[in-house]
Each structure stands twice: as structure tokens, then as C-alpha cells.
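The next block holds one structure in the form of C-alpha cells; read it before the comments.
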Protein chains: 2
Amino acid sequence: MNGAVDLPLGQAELSFEATGGSRVRRSVLPSGVRVLSEQVPGSRSATIGFWVAVGSRDEQHADASGPASLGSTHFLEHLLFKGTPSRTALDIAISFDAVGGEHNALTAKEYTCYYAKVQDRDLPMAITVLADMFTSSLLDPGEFETERGVILEELSMAGDDPADVANERFFQAVLGAHPLGRPIGGNTGTIQAATRGAVAEHYRANYRPQDLVVSVAGAVDHDELIAELGRALTAGGWNLDEPGEPVARRAILPAALAPGQPLTVVERPTEQVNLLLGAPALVATDERRVTMSVLNAIFGSGMSSRLFQQIRERRGLAYSVYSFAPAYSDAGLFGMYAGCAPAKAGTVALLMREELDRLARDGVTADELRRAAGQLAGASALALEDSDTRMSRLGRSELTLGEFVDLDEALRRVARVTVDDVQALASDLAAQPFSLVAVGAIDESAFTGAADQLAPSTDVA
Amino acid sequence: MNGAVDLPLGQAELSFEATGGSRVRRSVLPSGVRVLSEQVPGSRSATIGFWVAVGSRDEQHADASGPASLGSTHFLEHLLFKGTPSRTALDIAISFDAVGGEHNALTAKEYTCYYAKVQDRDLPMAITVLADMFTSSLLDPGEFETERGVILEELSMAGDDPADVANERFFQAVLGAHPLGRPIGGNTGTIQAATRGAVAEHYRANYRPQDLVVSVAGAVDHDELIAELGRALTAGGWNLDEPGEPVARRAILPAALAPGQPLTVVERPTEQVNLLLGAPALVATDERRVTMSVLNAIFGSGMSSRLFQQIRERRGLAYSVYSFAPAYSDAGLFGMYAGCAPAKAGTVALLMREELDRLARDGVTADELRRAAGQLAGASALALEDSDTRMSRLGRSELTLGEFVDLDEALRRVARVTVDDVQALASDLAAQPFSLVAVGAIDESAFTGAADQLAPSTDVA
């Protein structure tokens, strides 16, 4: 089978072959736990992830009924490494370090993932330790206070990175009050105010059998995985015989967004200005996502892309310049980034805007389209050599899309994108209300002359 | 063969099997070009690198005879992407982008490497384009001026990253006037002053057949590689029939270093202080390098390491904390890093110093030694799944060590390290003159009370 496979929440067993001869298997256990594996021939290692479909967007703002829990998802992620009744934090660290494994976790806006990459023989250990962390975290009050300090330092580190700051402000500027507009980790104030009770409540409510998705790629046998995982979750106190339904996937309707903030300037005494210019775009399940991949490849991904050629190669105005298009369940963004000298910030912002308008007005060539297809095919093939990428693809297929799209099928979809599709999407993007974010040693006057041109053009569509 | 293999400059052909069944072959062509390949069974992609043993340390300071060429190695690296008589910069970019390949280059202190990762079928293209770039760069005067702007932006970007700034200042503080103490990319002044003539002279002098090392790992056939490379270098105007001897490897004698700068404070309005504390350590060919790997694993690599446990896990003083030990032909360093709050910088610096002194005084346990061996074995096995790592290992073996050390042999060497070896090395380190670098919102008074304790202890050895 090389194609797209639906992943219905109610179907107990699925098995199919994917591109390159790997075997994908999926089991929905009676308790609601979902387990996906991709056995890759010849692989000697495996990457495993424990996922829940809960991220920073699901946190609550402060209201009359209680304090804000902003940052609690990320706080909980840290605490899961801090010990269980059977393992101290040091024991957990030693388990992975002693075999040279990688282990870490990722809090995103719509999910949280705890993962490890180990040699094949160490996979049972990884299953056991991750299951213990997931089911049996102590959330020890002393560790809670120590970790508060660590998280405050993590926030400070991000706050010292001007590109990070620009990125967070860009999400806020484009998405406004939408929960996806908030930073993932909360802020100094919410972390200083965080209570163990709020984090514990988050853990209790969202780390249940029906929330858990486990995905493994590489050297993995699905039946052994199910057996090991069952043992480990049971040892953690879970009753896997108690029936449960997996939690439903998120609604996929695009949210109504308030108009974004047109201009945000964060004054900082840095050498470069970090510039981001962009607008609302496509949600994750939009059929035009494949067109967006092609558009982004042509427009702002790689050294041959239009942005790179115009801003770096022809004019030498930036070292780093690219476009990007993150997508979520009910909102998405399109953005252009450049780091440049303060005196050139207005020029660079205008050039980025003009390139997008040119794409909307004149479209792309058949040659560019062919190259973009080759770029996406080659980059995907290289990425799938790594079990990390396959594990993530499995997890995100289950958590968000509800569909596993094989590489061959993905490339067939790319091949169906036309020059008209790309131009139509570019025109839609160019007509959106744009937000500009600049972090650096400038003030708003740097963009005075540019304000009109940066706004949506009416003559391009 | 699983072991260590000498790579004599005068030996025309070598072939041996390495761990995991890969085959390594090495040819020294009559012209002096050296070609190394590692064919990995089952691989569908390849990483290729073109190397020269020339880096920023080889540049000349300004003197009466002419301007400084600091940064010219890195400037040349950029220019090689900017076109040849048969390929424009855009052609070069398109070649790799159109197949989804990765291509880039790296200027280091002692070498420069141009590399690409592609699917197996695209390897002939990568050989052809990299050979064209290497042999036939135009160094076009217009492109030279445009690229000057790009490089200035790259320097600005690094200058805005406080951890980057701390790292550069750390090398200067420990190594003083030694050429390895200089930043790789030059500085704004030297790049503004750079002339095309100086860069062209660098190209002419150091990119000859006898300088070139090509290494490829993954899906590669050595004989086809030799044939393709010969065609491509000849097309670039090289006469491969003209006999040449590969350039000799660098001298490996440790340099005499002047005492380092004890305290460097760079005041910046950042949230964190980026702290580095360290001293001169081992050169790349020192027999104790394997002991250093073990020491570093125990002391400052991974979540179970002593630094991580003391500073992050027990006290919550930092998010990022680790140790590192870069080594070069005639000098090396040992360093400890932490990012922390300004008010805690003195405490954290003392804690790092105390941990090293404790290692020197009390040594390590047999259990820590066993875990470090497991950590190095597992991490190496995972890293070698990637053809990037194998390509780099081949190149560095040829350029610097003159020896290919197989994974099994490397692990046998690790297994021979004793607790006494680690303690002896820790004692040597602790007795060195230490340098402290702090970048952040503090001044020297933050370390007033700590100065004596940060200096080398006399009671630990």
C-alpha cells in the first residue's frame, strides 16, 4: 500500500506497508491508548515518543475563578523528568545517559511529546522509563520549586535571543488574542505565580489512557512493543482493562481572527534588526497545504529561492532570509524573516513585500514548479532516513491529521499542484492584512515611508 | 579489520572493513589529491566533503608589508558559492535545491570543508558541482562586494548572540595571542578592509591538488568516485597527471602559551549572564584525549553529569550547563558553561570550580566510569547511523590525526581508561591557570569575592 490511510479512532487494528518497504502498524487498545509503529528494514536503532494532544493553547487565562495557568503545560513537561515512586530524577537521567541515548521532551502549541532515541537493544528500557514518567510523576513540591528556577532561566535565555523574541511577537501580532498567539512557555510572571496545584490538575486531567499516543519508528516489533508497553503502564498503576475511547481530535474549522497588529517594534541595542512580515494563512487540514509547500519552496526555502536571491544574493542585505508557514488546527500563518542592518530594515521589509506581490501578480514558471517538486521529494527522502522524522510523522498523523500520508502519496499530491494553484494562493496571501515585527536598534519611524506599501495591495489579485 | 589504521601520505591505496560491515577505501592520486570513501551497506544517500587543511588560524595579522587577512578564509568559503565560468551562483544553488539536497560549507580554525548530502543517484552531480566550485571559482569583483555585506550581517548575527560572544571571548582569554585564540570570521574592521587580492591569493595558495581531501560516506562506490572526481577536476582545468605530494600534516607539538586573561567581563543588557570558566588542556593527538572523553562525559555531558546535577537539578540555577574540550593540533581547551541570573553568577562560577576540584580530589567511581563507557558507545553508534558523521570522521582522520580509528577500537581505548587516569587528568586541569568570561548585565565586582577560589588551587593535586 502506498497512499493515504485513514486512522479512525474506533478501529482496533491497522497494518500497511509504506514507501521503502517499512511496515506501519497501529493498535487502539481497549483502554483507549493508541500505539503506532513503523518497522524500518535494516534499522539498528529506534525513536519512541509518548504524546498527548495538549499544548500551550489549551491553557486558561486568569479570570475571577482562579490564577492563570499560562506555561503550566511546559512546567509539567519539566516535572515529568523529576522522579516517580520508583525512580529519582537522577535514575531517569542515568537510564538514558548510560546507554548513550538521547532523551528529551517538547511542548508545542497543540501537543506535548516525550521522546528518546536509543539502540535497538535499549528500546525496552526506553518504554519502561517513559511509561513510568508518564503514569507516575511525583510532582514533588521541593522539585517543583527548584524547577521553577530552571524554567525562569530557560525563559531568560529565550528572551536574550532576538530571533526568538521576534518570533513570539510575530505570533502575537498576527493571531492577536487567539490562544495560538501566546508564547508556549508562559512568561516570568506566570511562572513565578504558578502553583503545584494547577500543574497537578493539568497532569490529572490530560495524561490518561485515552489521551496517550505512543509512536515508535526504526528497529521495533509491534507485538513486543504492545506487550512491553502494557507491562510498563500497568506497573505505573493504570488499569488497561477498563474500557476507554480515545479523546476526539480537535475541531478543524478555521477560527475567526481579529485583525492583526500592523506594526510592532521592540527596541533593543542589538547589531541586527530581526524582521518578520506575515499574515494569517492555512490551517493544517486545508487542502491547499500542499500548494503552500510548493509556494514556500519556490519563494523562501533554499539558496535558489526568490527571497534568498533577491535579498541576499543580489543585494547582500542579509545573511539569513527565508519564509515559513506553520499550521495548526484552526489557524495558520505565512511569514518572511530577515536579519539585517538597522539602516536597511525599511528597504528589506519592502523588498519582501514586493516579492510576494510579484509572486501573486506574475506567478511561477513551470521550471520552478518542477524544481520545487524535486526539492520536496529529495528533502523528504533524506529526512525519512532518520527514525526521529518517522516517529514524529506517525505521532502527528495520529494526533492532528487523522490520516497517514505515505511519502509516495505526498509526492503524487505535490505533482498535481499547478502554476495556477500557486499563483492563486499567493494572491490570497497578498490580500491578507500583514503584520510587521522588528526587534532591534530602531523605532517605528524606520517604517514610516513603507507603511502604505506593506499593507495589502489592491492591485495584485 | 576493526582497529586503527595509519594513513601514510605516501601510500597510494588502502582498503579495510570497519565496524558494522562498512568498507573504507583510500586513494592518494598521483597529483596528491586524497580520496576517502566509506561504503555503508543498505545506504540510499551519501554525504560528500571537499576539505583543505587551512583555517582561520593560518591567516596573517597586519604588519608593515600589508593589510591583515583575518577573516579571509571564511570570506573565500562564501565566494566559492558565487559562480564559475560554467555556473552562476544561482546555477549552483539550483543544482542542489532541485534534488532536495543539503549543501553548505564550514570554516573552522584548522580546516575548511564544502559538503553536500544527497540521494545516491545525485552523487555524480554533487561531485561535479563541488569540483567546479573548488577548482574554478571566479571570485568576481561585483560578487565580492555583495558578499562583503552578507558576511558583515553574519558577524552581526553572531555578535547579537550572547553565547557566541562569550565563546569567542573565552578562546581569546585562554589562548591569548595564539592564532587559535582569534575568532574564525575576522571582525567588522577586517571584513570592511578585506581585498579581493588577499582572498584570491589565499585561494591560489591553498586550493591545489596537493591540498585537496575528498571524503564520501554512504551509498558510494570508490572506483566510480575516483572516475567522476577525475573527470570533474580535469574539467576544472587541473592537470592530474602532474605529480604532486600531499601537503604534510601540521606539527603536533603543544605550543607554549602565555598565561591567559583571568577575568573578562563584557557588559550587556541581557537577562542572563553567559559564563565560561576554563583553562588550556590537551592537543588533538594527546594520548589522554580518550581519558578526556570519559572525564567530560562524567563531569559535564548529559543530564546525569555532575555539573548538570549540581547546578541545575539540585539548585535550579541554570537551564543550560555543560563542559566541553575542543582540541587542535598544538593547543586545546577545557571549559565549563552556564547561563544564569546575574545575581547568581559568582555562585555558579564557584560551584563549577568546586566541582572540578572535587573531581581532582576525590576522583570518580567505578560505576561512573562504566556508565561513561556506555554513554560514549551508544552515542557513537547512533551518530554513525548518519552519513554526515562518517564523512566528517573520514575527513578529520585524514587531515589531522593521520589515523582512522574504528568505532570498536575507539571503544576498546575507552574501556582501558581507569579511575586513576580520570583523576590524574582532573588534577592536571585543576592546576592550570583558569580564565573566567562573563557576558551580561554585571561588572567585575560580581566576582570579587570569588577571585581567589577561582584561581588554581594548590591543595587538590
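Spin-label point model (7 Å from Cα, Cβ direction): what's the A:A256 to A:D428 distance in nm?
Going by the 7 Å Cα→Cβ label model, 2.0 nm.
Sort out for me the Cα centre separation of the stretch B:200-228 from the stretch A:274-298, rounded to whole Å.
Here the answer is 40 Å between Cα centres.
What is the mean number of Cβ atoms from other protein chains located within 10 Å of the Cβ atom of each residue in peptide B:298-305, rounded to a whole number? Show your work: numbers first, answer last.
Details: counts 1, 0, 0, 1, 9, 10, 10, 2.
Average per residue, whole number: 4.
Can you give the FRET efficiency for B:H61 and B:D221, using 1/(1 + (r/R0)^6), R0 = 45 Å, r = Cβ-Cβ distance, to the nearest 0.05? Could the numbers behind the result be given before it?
Details: r = 45 Å, r/R0 = 1.01.
For B:H61 and B:D221, the calculated efficiency is 0.50.
Name the shape class, rounded, prolate or oblate, that the alpha-carbon gyration tensor gives for the protein assembly as shown, where a ≥ b ≥ c are the square roots of its eigenvalues, rounded holds for a/c under 1.5, and otherwise prolate holds if a/b is larger than b/c and oblate otherwise.
Rounded, because the longest to shortest axis ratio a/c is under 1.5.
B:T365 label points, 7 Å along Cα→Cβ, one per copy: pairwise distances from this copy to the rest in nm, shortest first?
Spacings between copies for this position, smallest first, are 6.7 nm.
Two decimals is fine: what is log10 I(q)/I(0) at q = 0.09, 0.13, 0.19 Å⁻¹ for the stretch A:263-454, from a Debye sum with one equal scatterer on every Cα and no solvent?
-0.36, -0.73, -1.31
Using only alpha carbons, build the gyration tensor for chain B and give me the equivalent ellipsoid semi-axes, biggest first, whole Å. Working shown, then result.
Working: eigenvalues 302, 159, 75 Å².
That gives 39, 28, 19 Å for the three semi-axes.
Suppose a student asked you for the relative contact order of the stretch A:11-235, using Cα pairs under 8 Å spaced at least 6 residues apart; what percent would you report? Write down the numbers at each step before the final one.
Numbers: 390 pairs, mean separation 77.8, N = 225.
Relative contact order comes out at 35 percent.
Would you mind giving the mean number of other chain beta-carbons within 10 Å of the Cβ of each residue in A:259-271, as a whole number?
Mean partner shielding for this stretch: 2.
Which whole number gives the average, over all residues in A:370-383, of C-beta atoms from other chains lying within 10 Å of the residue C-beta?
Mean partner-chain Cβ count within 10 Å for A:370-383: 5.
Treating only the Cβ atoms of Lys and Arg (+1) and Asp and Glu (-1) as charged, compute the dipole magnitude of the protein assembly as shown about its Cα centre; round to the nearest 20 debye.
40
Estimate the FRET efficiency between B:A200 and B:A108 by the formula 1/(1 + (r/R0)^6), using the beta-carbon distance for r and 25 Å for R0, to the nearest 0.05.
0.70
At B:G142, label 7 Å along Cα→Cβ: distances to the other copies, nm, ascending?
7.0
Between copies, how far apart are the B:A424 label points? List them in nm, one decimal, shortest first, with each point 7 Å from Cα toward Cβ, please?
Ordered by distance, the counterparts are at 7.5 nm.
At 222 nm, what value in deg cm²/dmol follows for chain A if DSSP H runs of at least 4 each add -39500 (n - 2.57) and the sum is divided by all its residues, to the nearest 500?
For chain A, the value works out to -12000 deg cm²/dmol.
Any chance you could run the full-extension gain for B:D420 through B:A193? It's 0.36 nm times the residue separation minus the Cα-Cα distance, nm to one decimal.
Between B:D420 and B:A193, full extension yields an extra 76.5 nm.
Roughly what percent of Cα-Cα pairs across the stretch A:1-155 reach past 29 Å?
29
Need one number: nm distance between label points at A:A4 and B:D120, each 7 Å from Cα along Cα→Cβ, rounded to one decimal.
About 3.1 nm, to one decimal.
None of the figures in this text is laboratory data; all of them are computed from the coordinates on show. Computed from a prediction, not measured in an experiment: that's the story for all the values here. Every residue, glycine among them, receives a Cβ derived from its backbone with ideal geometry; neighbour counts consider all protein chains shown.
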